[in-house]
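These notes concern the structure reproduced below.
The values are calculated or read from the model by the stated rules, or taken from the named source; none is laboratory data. All values reported here derive from a predicted model rather than from experimental measurement. Please note: Cβ atoms are built from the backbone with ideal geometry, for glycine as well, and neighbour counts cover all protein chains shown.
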Amino acid sequence: MRNPGKTFRNKSVLLMALFVVISIIITISGCQDKTSKIPVSAIVTEDNWQTLTSTDQTSDGQTASSSHSLTSFRVLGYIYDKNSRQPVANVFVNLDLNGVTKLTTRSTSAGMFIFEGIPPGLYDVVTTASPANYLPTNHVVRILQDGSASPDQLEVLLVPVSTTAPGQVTYTIEGEARDEISGAPAANEFVKLFDESGALLSTSLTDSQGNFSFSGAVPGSYTIEIAKGSDKYFEKTFEINLGSDGKVVPAAILLLSDKTVETSVIEGVIRHGSSQEVLGGITVQLRQTSPTAPVLSTQISNGEGKFYFENLLPGTYFLTAAPASEKFEPETYIITILRDGTVSPELASIFIIPKAVETQTFTISGNVLDAFSGSPLDFVTCTLKEVGPIITDLNGIFYFEQLVEGDYQLNLVKAGFNSQTVNFKVDASGQTIPASLTFRMVYNQEQNKGSIVGRICDVFTGQGLPDLIVRVYKMERRVVNIDDSSISYWSIDDRPLKTTKTHSTSIHPDTGFDETGTFKLTHLEPTSDSVKYLVYVGKGISGIWLTSVFEEDLTNPDRIESWGLVEVLPDTSTYLVNYEPTN
């Protein structure tokens, strides 16, 4: 008779052996497929957030995902002691979604932690108090649809509680980010908190109202970085200080520059308020929102008085010229850049005036002469740098008042003459160095043009005749064919090309030259075989008289003197006189 108990035991052993054989076969089959199982390194909460399974990975590193698992990715990071930079093991790390913990793990002996099988989304990686008594941290990580994580690898620095003073109170640093043009909240932008050494302490993300916060902060200096890698805003850093009273100075209000807004250029020129001359070497400061706001940029006007500020976003700007000058009063100018990039006004013209000086002032004078004839030059623009311009009178005299001791630069300009720049000094007694401010300007006629210079005198006394009208007319050679023969003659156009007057100046005190009766006609076209000039001098305003054949009528009672068929050569002056004194 068989023993039933023994039979049952034999069957159990047989079943156990069969299970082992089947397991070995399955294992061998798996090895033949060159696959191994990697367990999920996390504790899953009991909800319907996701369905996690093991991930099949081949020995050559290729992944074969299970058919029933969701599209999921990995979050990787390392935890270090902030002071020693050594890995910290056995730190609890939570992965939170919308404030709810989804996964929990611990750091390894190398300080590493991994969350796998994570669907795309925005998560908080939170470290809690551990046996080492570190302050908690919070970092934000974003997983995109393509599996990339931002940041791709977290580095968490833990601050030991022992490094803080006994009973040390921690605070929350709060702030907000806004578009600097529209003022709209800058939502969903990464924010990072760094300590004085530049070590990353925590990360956050602005909410729909642009708000962000960092908890567990101790008093000290910090740097906030925002919008790094943002598609919309330019990256920006902001320095703050957290006081022992928990107050953040300055308030963490971060104004961000929109990348999609086109930048513009502010350009301008600095001019003297009196002389209108451009001024180089003047400091120009750029501010935004108010004249007392922090300086954004500083430029120095160049030799043409110009300055530029580039890459500016829409807004209202304040330009301050000569902010700390000892010679000029500071001047503020407002300019606006519109959303479409238009700058209004288009060119910033800033006029500055010299500061008032409480010292003795002097009046200086000088005169300007024609370098060839020695006659005075009227209507010469004499511009004294950083003082202003004045025009010479009929005697070529100029003067400047209220000058103080110092060095000066004078620029002389008159049409048809070479401009001239001279330097002089006014000493403590008001005397000029050099003592005489008499300047001679050289006639610089237009290229390939000529001129006529002359003098009208009384033929009996030889004295120059003043205030006579001098006109120049065009003479043209004409040919008439009569009975198979040609007759040529010169006709006169009764419309004067140019008009001037003889000088009325007596003997000049500086030169000793009697300039009365002199005249000059400039910028004349050169003559040719068929074109000449007639120079007519009269007492009144009637002008030349012509006969029926368009020749000069010498019976005109207004006439004093005239010269016909006058030739003018390029770049040359032709001289006319009606009186030659005897030796």
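Couple of notes before you dig in:
- Filtered by the rule that a residue be assigned to a loop (DSSP other than H, G, I, E, B) and in contact with a Gly (Cβ under 7 Å, 6 or more places away or on another chain), region 313-360 gives Leu347, Ile353.
- Looking across Val265, Val284, one residue alone is buried (at least 18 other Cβ atoms within 10 Å of the Cβ), within 24 Å of Thr298 (Cβ to Cβ) and at pLDDT 90 or above. It is Val284.
- Any chance Phe309 is in contact (Cβ under 8 Å) with a residue 40 or more places away in the chain, closer than 16 Å to Val265 by Cβ, outside any loop (DSSP other than H, G, I, E, B) and hydrophobic (A, V, I, L, M, F, W, C): yes
- Residues of region 535-550 that turn out to be in contact (Cβ under 8 Å) with a residue 24 or more places away in the chain, crowded, with 16+ Cβ neighbours inside 10 Å and over 60 Å from the mean Cα position of the chain (by Cα), as a count: 3
- Qualifying residue in region 459-471 (condition: among the aromatic types (Phe, Trp, Tyr) and either surrounded by fewer than 12 Cβ atoms within 10 Å (Cβ to Cβ) or at pLDDT below 90 (or both)): yes
- Residue match in region 416-433 (condition: part of a strand (DSSP E or B), modelled with pLDDT under 85 and either closer than 30 Å to Asp529 by Cβ or not basic (Lys, Arg) (or both)): yes
- Summed over region 335-356, residues that are exposed (fewer than 11 other Cβ atoms within 10 Å of the Cβ) and either at pLDDT below 90 or in contact with a Leu (Cβ under 9 Å, 6 or more places away or on another chain) (or both) total 3.
- Boolean, Lys520 is assigned to a strand (DSSP E or B), more than 24 Å from Pro557 (Cβ to Cβ) and either touching a helix residue (DSSP H, G or I) at 6+ places or on another chain (Cβ under 7 Å) or modelled with pLDDT of 90 or more (or both): no
- Ile226 vs. criteria in the same structural domain as Ser182 (by TED's automatic domain parsing), touching a Ser or Thr at 6+ places or on another chain (Cβ under 9 Å) and buried (at least 19 other Cβ atoms within 10 Å of the Cβ): yes
- Among (1) surrounded by 13 or more Cβ atoms within 10 Å (Cβ to Cβ); (2) in the same structural domain as Leu554 (by TED's automatic domain parsing), the one test that Gly430 misses: (2)
- Taken over region 441-498, the criterion of being polar (S, T, N, Q) and more than 27 Å from Ser419 (Cα to Cα) is satisfied by Thr461, Gln463, Asn481, Ser485, Ser486, Ser488, Ser491.
- Extreme residue, nearest to Asp467 (Cα to Cα), among residues of region 490-515 that are in a loop (DSSP other than H, G, I, E, B) and modelled with pLDDT of 85 or more: Thr502
- Unmet requirement for Thr260, which otherwise passes all of (1) free of Cβ contacts under 8 Å to residues at least 60 places away in the same chain; (2) among the hydroxyl-bearing types (Ser, Thr, Tyr); (3) more than 23 Å from Thr137 (Cβ to Cβ); (4) touching a strand residue (DSSP E or B) at 6+ places or on another chain (Cβ under 8 Å): (4)
- Taking the criterion of being surrounded by 20 or more Cβ atoms within 10 Å (Cβ to Cβ) and within 48 Å of the chain's Cα centre (by Cα), the residues of region 103-123 that qualify are Ile118, Tyr123.
- Condition broken by Arg559, with the remaining ones in (1) in contact (Cβ under 8 Å) with a residue 24 or more places away in the chain; (2) of a type in the set (D, E, K, R); (3) surrounded by 15 or more Cβ atoms within 10 Å (Cβ to Cβ); (4) farther than 30 Å from Leu437 by Cα satisfied: (1)
- Within region 295-315, the residues that satisfy the criterion of being touching a Lys or Arg at 6+ places or on another chain (Cβ under 7 Å) and surrounded by fewer than 19 Cβ atoms within 10 Å (Cβ to Cβ) are Val295, Leu296.
- Counted residues, region 195-204 - those being surrounded by fewer than 17 Cβ atoms within 10 Å (Cβ to Cβ) and touching a residue at least 12 places away in the same chain (Cβ under 8 Å): 3
- Flag if Glu446 is among the charged types (D, E, K, R), modelled with pLDDT of 90 or more and over 23 Å from Gly540 (Cα atoms): no
- Looking only at region 91-114, residues that are among the basic types (Lys, Arg) and either under 17 Å from Arg142 (Cβ atoms) or outside any strand (DSSP E or B) (or both) come to 1 in all.
- Condition met for Glu515 (over 19 Å from Asn395 (Cα atoms), under 60 Å from the mean Cα position of the chain (by Cα) and not assigned by TED's automatic domain parsing to the domain that holds Ala415): no
Each row is one residue, and each column tells you yes or no for (1) assigned to a loop (DSSP other than H, G, I, E, B); (2) on the phi > 0 side of the Ramachandran plot; (3) not aromatic (Phe, Trp, Tyr).
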| site | (1), (2), (3) |
| --- | --- |
| Ser182 | yes, no, yes |
| Val191 | no, no, yes |
| Ser202 | no, no, yes |
| Ser208 | yes, no, yes |
| Phe212 | no, no, no |
| Ser215 | no, no, yes |
| Ser221 | no, no, yes |
| Ser230 | yes, no, yes |
